[in-house]
1. Please work out the average accessible area per residue across chain B, using the 1.4 Å probe convention, and give it in Å².
2. Could you work out, residue by residue across A:36-47, how many beta carbons of other chains sit within 10 Å of that residue's beta carbon, and then give the average as an integer?
3. Over chain B, what relative contact order in percent results from Cα pairs under 8 Å that are six or more residues apart?
4. Rounded to a whole number, what % of the accessible area of the stretch B:1-58 do carbon and sulfur atoms account for, probe 1.4 Å?
5. Taking the Cα centre of chain B as origin, work out the dipole magnitude from +1 charges on Lys and Arg Cβ and -1 charges on Asp and Glu Cβ, in debye rounded to 20.
6. Among the lysines in the protein assembly as shown, how many pairs, 8 or more places apart or on different chains, have alpha carbons under 27 Å apart?
7. For the stretch A:62-107, list whatever residues lose no less than 40 Å² of accessible surface once every protein chain is in place, relative to that chain by itself, with the probe at 1.4 Å.
8. Using a 1.4 angstrom probe and counting only protein chains, how large is the accessible area of A:Leu43 in Å², to 10?
Amino acid sequence: SQQGEEDPQALSIQEGENATMNCSYKTSINNLQWYRQNSGRGLVHLILIRSNEREKHSGRLRVTLDTSKKSSSLLITASRAADTASYFCATWGGSYIPTFGRGTSLIVHP
Amino acid sequence: SQTIHQWPATLVQPVGSPLSLECTVEGTSNPNLYWYRQAAGRGLQLLFYSVGIGQISSEVPQNLSASRPQDRQFILSSKKLLLSDSGFYLCAWETGGDGNTIYFGEGSWLTVV
């Protein structure tokens, strides 16, 4: 079964709006990572948040982590059409096994 | 700097034909290597991972196999492709295990006809 699951599965917004997507996981983690995938391309690392961190920022990205609820959220502020992509969270189900959820497909309309 | 190369980018193969996808990593040593498959509009399914030369772990029993003949080379193979093998295959690497950043290749689109 998937260690991390993102929701919603799909999100459609207008340019300038904020986009929020969530990730839930099942077991204890050392850190959680978010990745972005443009259509037909490989995944690109966005941000890593450690289990002892509650919030992290990188440019227009804000990630939160609630280990008590085993959940994380990714917020993209002031979205742009170029943010259109799929977003995945990744957690580690073992020392060598990173697992990904099914992703959130984000469409930002210009 | 580290780079990862994956090829071919696209291929169309008939049912029953063999498959070989190759992945090489540059700029690092002793990486952990991974093969994922992604069906259209779906998440990533881990197929194989390797923590060293000749060490292959399979996550999903299937029609595919993997080999690591050199430290930075990871090959995905099949002797006889099935229609269900169609998908987007991604190679990835990281160092250290247990939570480091994972770097992905650009992927290989496989269509079995």
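The values are calculated or read from the model by the stated rules, or taken from the named source; none is laboratory data. All figures in this text were calculated on a predicted structure; none of them were measured in a lab. Please note: Cβ atoms are built from the backbone with ideal geometry, for glycine as well, and neighbour counts cover all protein chains shown. Only protein heavy atoms, including side chains, enter the accessible area calculation; ligands, DNA and RNA are left aside. Shrake-Rupley method; radii C 1.70, N 1.55, O 1.52, S 1.80 Å.
1. Ligands and nucleic acids excluded, the result is 45 Å² per residue.
2. Across A:36-47, the average partner-chain Cβ count within 10 Å equals 4.
3. 36 percent
4. That fraction is 50 percent.
5. 340 debye
6. Close lysine pairs found across the protein assembly as shown: 5.
7. A:Trp92, A:Tyr96, A:Ile97, A:Pro98, A:Phe100, A:Arg102
8. 10 Å²
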